Structure formats: structure tokens, C-alpha cells
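Here the structure comes first, spelled out in C-alpha cells, and everything after it is commentary.
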Amino acid sequence: MPPTQDSHIMPVPVEDVPRGTGPDSAHFPHGRLTNQIIGGIFEVHNVLGSGFLESVYANALTFELGLRGVPVERNVPFEVMYRGESVGRYVADLVVDGKVIVETKVAKAIDPVHRAQLLNYLRASGLEVGLVVNFGRSAQFKRVVWTRRPSQHLDERECGNGNGKT
């Protein structure tokens, strides 16, 4: 259920953690699923490299997750509500297994604005977990978990090793 109009929710950053040494999947909601998505992200970047449009990477990730048997939908619409009224529509790049929003970017790096945007998308959708993914020079992702209690927001960043290889 989305928060009320009085909610003021901000993610609480967790320290950067080198890949492979972070919390195991049990520490995050849908951790096993997000780990499967992250594996797909690095595979897509390893195969395609950098330089394509966001839509190319989103399509390739959709295909890769399908090969792995992970259910995924592309361009999923969500209504944005304000005091019980629909005030707009947001279209998620990918929704994986009906549980995780994946937003694709092509930028120098993941910006705090991208993270804030994803948090708003989670609030609008009522989903709890999202990944913002950057297919720049190296594959990067930021995992964001939204809860209704501001003190319990989790936010984890992991970055590629600089060459896009896993």
C-alpha cells in the first residue's frame, strides 16, 4: 500500500561494499531474485559493452532474464496517486517476477537523482524493491528497498570492476 501524503521518506545509504563481499541474499527482501537480475545485468554488459541506448539494454536484459527462467515484463504502467486522485502515470522499464522494478540508465555513473527517482517509483507502484542499473563504461547497480517506516530504508550500492567484466 502506498504511503499517505504526509509521509516523508528518504533512503538511508549503506556504505559502499566491494562486489562479492556484501550481505548475502537473506539480508534484503527478494535477495535471491535481485541477485539473479544482477547476474543478468553483468552478462548483458559483458556481451554488448557500452554505447547503446537504454532501451537496447532493457530489451537485452528482458531477453537474458527470460533465458534464465525469470519472469519479466517490459514497460509496465503504474498510476501515481495524490490524495486519492490519479495525477499521472509512470511506466517502469522492467518489473521482474511482479516484485522488483528495474530502471535502466546509460550515464557516467548512477546519480543520487536516479536513486530518488526509483524510490518514488517504488512508492507509486507499492512494490518494495528496485534496482537502478547503469550500462555506462562499466555495469553498475544500486539496490533500493522501500518500507513505510523511514528508519528502515535500506540502500546498497555495488559497482562494476571498471571493465564491465564479472
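All of the numbers you see were taken from the coordinates with simple rules; none came from a lab. Since we're looking at a predicted model, the values are computed, not measured.
Okay, here's what the table says:
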quantity: Derived scalar couplings ³J(HN,Hα) [the stretch 125-133; Karplus, 6.51 cos²θ - 1.76 cosθ + 1.60; whole Hz; x for Gly, Pro]; calculated: 7, x, 7, 9, 10, x, 10, 9, 10
quantity: Shape category assigned to the stretch 55-125 from the gyration tensor of Cα positions, a/c cut at 1.5; calculated: oblate
quantity: Cα pair distances in the stretch 28-159, grouped into 5 Å bins until the bin that holds the longest one, percent each; calculated: 2, 11, 22, 24, 21, 12, 5, 2, 0, 0
